[in-house]
Amino acid sequence: MRLIYILVFALSLLLAGAAVQKWGAAELRANFTGVAFITLIALPWLIAATMLFAWFGLSLRDDVAERKNTAALVALCGALAGVAFTYIGGNLGEGPSYWNNFYSVGLATIGFFGLWLVLEIVANVSISVAEERDLASGVRLGGLLLAMGLVLGRAVAGDWHSTEGTFHDFVHDGWPAGLLCVLAIPVEFADRPSRHRPFPSWLSAGLLPAVGYLVLAAGWLWWVGRWEGMGR
Amino acid sequence: MPSAACSNPKGIASSSPGLRGTSYPGITVGTSATLNGLRQGGLTIGEIAGANFLPEVQIALVRTCHDMTSRQEIFSAWAPDASLWSRWAKPVLFAHLDSALSQIPVRESAADLNWAPPPAEKAAFVLDLPGSEGVLNGIALATMGYRPVPLYNAIPLPYGQRLLDPLSNVSVAAVDLLPILSALRTGAAPLAQLNLPADAPPAFLLDANRRGTRKMIPDEFDNRSVSFTTDFPSGTFLYAQGIRQIILLQKATLEPQADLAHTLRRWQDAGLALRRARLDVAEPAQPFEIPKPLWYRAMFQRALAGLGLRRARGGGFGAWVPNSSAGG
């Protein structure tokens, strides 16, 4: 099962490299080492994120490797992909320095974990995934985290102008991620395992809301359109 | 009634594992001769169950003929695919059954558990007992129709390592798991013979010594462990299977350990009734309620509980404490 996560990890790295090669700063695209550097930095970033997931109630080692919890695997894959998209978004567009990239990536990633924290505090969603081992909860959470990552990544993509400007764009274009988080709370209370419904359907209680989150995220990405500098 | 008359497949059993510094003196239980060597004496679990022993008679651990030898066979006896509870059984300790030290004799015996409710009453047990006593009493409950589910999450001292420090005479490992390992090995065959139903109510087995008793120093083997809420089925799942009460069985204390308290409180919140009893006190199990432990339901509680413990590469807990002077 851990191999699936490793596969998602590898795909995330590849996607990061391909995105920077296509839409990164011209200086990076001019030679291979720039793209390689940004892609390599993604490696420890995603590893750190994986380690941080355990503090949010989902552990790759404890839940996936040792307990063979499929629900946790799905949720963690969604989380990893979500973080990957925040990383990718922060590296798209022109900017004078690598520190601009790191600021953008950091902003989006902090937003990502901040929203996940809110979800955990209010709805304890990790309990449904790690303890109940409920596949529907895992699919739902994975879809939500991926959707939030897409929105937040898009919010920090684009040419760098200033720290204040980046923060303004992050809030202006990233607020739907917060809306997704708020929408997810009543869904969690309604769809998580209970005495009356101990084994919710992974289709109706898992895949359906997950697809809903992703459709909302995709719709927002379509609405907000291209990021500054994407056409070059 | 199954017969225990069979041979030791290797002929005469050795009197000592043959390792320096070992604290295990070797086989001393009474034996008798068979065609191929010594038969290790005692009764099978089947004979014990059929004989209807009085409560004051101690039930000794027995060896049966043609004990399972492969790790997979032994683990399958403890966690058969058909059992509803097998997905929670922890395989990490079974991976070390190849060690010769897993065949040391076990001196403890099971207690009289005739007070346990019949399986039809759908109670689940948690046996938080020291060393091999959990396994022995788990097998005793198995004769009554419960499915023992081993949740031992630590690994033993690696084979070939000195068991005691020659200078201090203190055990190198934080927790002695070898009696548990041995009891799991010898209990596998009788357990398999019981042919428990797939939905037999569970008896979860924990090692009461899992958290160790001392601070570990360099070059010692730190195999302390904790139990997590994720090691057990949720209250929702138990309730869905008809389980309505949990009986905690411990020794020398009634208070549950701090790590187990989280699980018990979860079950209490799910509407399961909690009762507790002591193995060393002849009193019926008493109902109790457990207060909220520190960091209850916090998303980081598991990560926090694992801090300071050493994880084994193949899963579970157990690793050498590094020497601080080692390395650049």
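Take the Cβ-Cβ distance between A:Ala18 and B:Ile217 as r, set R0 to 60 Å, and report the resulting FRET efficiency rounded to the nearest 0.05.
On the way: r = 50 Å, r/R0 = 0.84.
With R0 = 60 Å, the Cβ-Cβ based efficiency is 0.75.
Can you give the extra length, in nm with one decimal, that the chain gains between A:Leu11 and A:Trp222 once fully stretched, where that is 0.36 nm per residue apart less the Cα-Cα distance? Spell out each step's value before the answer.
Values: separation 211, 0.36 × 211 = 75.96 nm, distance 2.34 nm.
Stretched fully, the A:Leu11-A:Trp222 segment lengthens by 73.6 nm.
Rounded if a/c is under 1.5, else prolate if a/b beats b/c, else oblate: with a ≥ b ≥ c from the C-alpha gyration tensor eigenvalues square-rooted, which is the stretch A:1-77? Show your work: numbers first, answer last.
Working: a/c = 3.57, a/b = 2.69, b/c = 1.33.
It comes out prolate by the Cα gyration axes.
For labels at B:Lys122 and B:Gln72 in the simple 7 Å Cα→Cβ model, what's the distance in nm?
Inter-label distance under the simple model: 3.6 nm.
So if we plug the beta-carbon distance of A:Ala26 and B:Val170 into 1/(1 + (r/R0)^6) with R0 = 51 Å, what FRET efficiency do we get, rounded to 0.05? Walk me through the numbers before you get to the answer.
Details: r = 66 Å, r/R0 = 1.29.
Working from the Cβ atoms, E equals 0.20.
Give me a single rounded figure for B:229-240: the average over its residues of other chain Cβ atoms within 10 Å of their Cβ. Working shown, then result.
On the way: counts 3, 15, 4, 1, 3, 9, 5, 12, 7, 1, 3, 5.
Rounded to a whole number, the mean comes out at 6.
Quick one: which of B:Lys90/B:Lys251; A:Lys22/A:Lys68; B:Lys90/B:Lys122 span more than 28 angstrom between C-alpha atoms?
Values: B:Lys90/B:Lys251 23 Å; A:Lys22/A:Lys68 38 Å; B:Lys90/B:Lys122 23 Å.
Beyond 28 Å between Cα atoms: A:Lys22/A:Lys68.
Would the stretch B:243-328 count as rounded, prolate or oblate if I go by the C-alpha gyration tensor, calling it rounded below 1.5 in a/c and otherwise prolate when a/b exceeds b/c, oblate otherwise? All intermediate terms of the calculation are to be shown ahead of the outcome.
On the way: a/c = 3.13, a/b = 1.91, b/c = 1.64.
Verdict is prolate for the stretch B:243-328.
Compare the peptides A:38-44, A:150-156 by average per-residue count of other Cβ atoms within 10 angstrom and give them in order, highest first.
Numbers: A:38-44: 17.3, A:150-156: 29.3.
Per-residue mean Cβ counts within 10 Å order the peptides as A:150-156, A:38-44.
For the ranges B:271-283, A:137-149, A:64-76, what's the packing order if you count other beta-carbon atoms within 10 Å of each residue, average per peptide, and put the highest first?
A:137-149, A:64-76, B:271-283
Would you work out the relative contact order for the stretch B:173-265, in percent, from Cα pairs under 8 angstrom that are 6 or more residues apart? Each step should come with its number before you reach the end.
Working: 42 pairs, mean separation 34.1, N = 93.
Relative contact order of the stretch B:173-265: 37 percent.
Could you calculate the FRET efficiency of A:Val211 with A:Met51 from 1/(1 + (r/R0)^6), where r is the beta carbon distance between them and R0 is 41 Å, rounded to 0.05?
Taking R0 as 41 Å, the efficiency between A:Val211 and A:Met51 is 0.90.
Which value at 222 nm does the protein assembly as shown reach when only helices count, each DSSP H run of 4 or more adding -39,500 (n - 2.57), with the total divided by all residues and rounded to the nearest 500 deg cm²/dmol? Walk me through the intermediate numbers first.
Values: 15 runs with 227 residues, N = 560.
Taking each H run of at least 4 residues, the total per residue is -13500 deg cm²/dmol.
Each value in this text was obtained by applying a stated rule to the coordinates, not by laboratory testing. Just so it is clear, the model here is predicted, and its values are computed rather than measured. Positions of Cβ are generated from backbone atoms using ideal geometry, with glycine treated the same way; all protein chains shown enter the neighbour counts.
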